[in-house]
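Structure record follows, encoded as structure tokens.
Just so you know, all these numbers are worked out from the coordinates, no wet-lab data involved. Values in this document were obtained by computation on a predicted structure and should not be read as measured data. A quick note on method: Cβ atoms are made from the backbone with ideal geometry, for glycine too, and the neighbour counts reach across all protein chains shown.
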Amino acid sequence: MNIRQKIAQFAQYQQTVRELNALDNRSLNDLGISRYDIKNLARNKGR
């Protein structure tokens, strides 16, 4: 994986974390996600 791919992957991670953090707890719960899971889910997105 080259540096451009790493940068794009990190940008996607940040966007996913931002979007999930913007949801309220009820919405996250409806999706079956806890606040503690957000970073892990974003890290594993696309794998």
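A few points about this structure:
- Over the chain: helical MRE at 222 nm, DSSP H runs n ≥ 4 each giving -39500 (n - 2.57), nearest 500: -22000 deg cm²/dmol
- Between 0 and 90°, nearest 10: helix 3-22 axis offset from the chain longest Cα axis: 10 degrees
- In Å, descending, principal axis extents of the Cα set of the chain: 39, 18, 13
- Local electrostatic count, N21, Cβ distance below 13 Å [Lys/Arg +1, Asp/Glu -1]: 0
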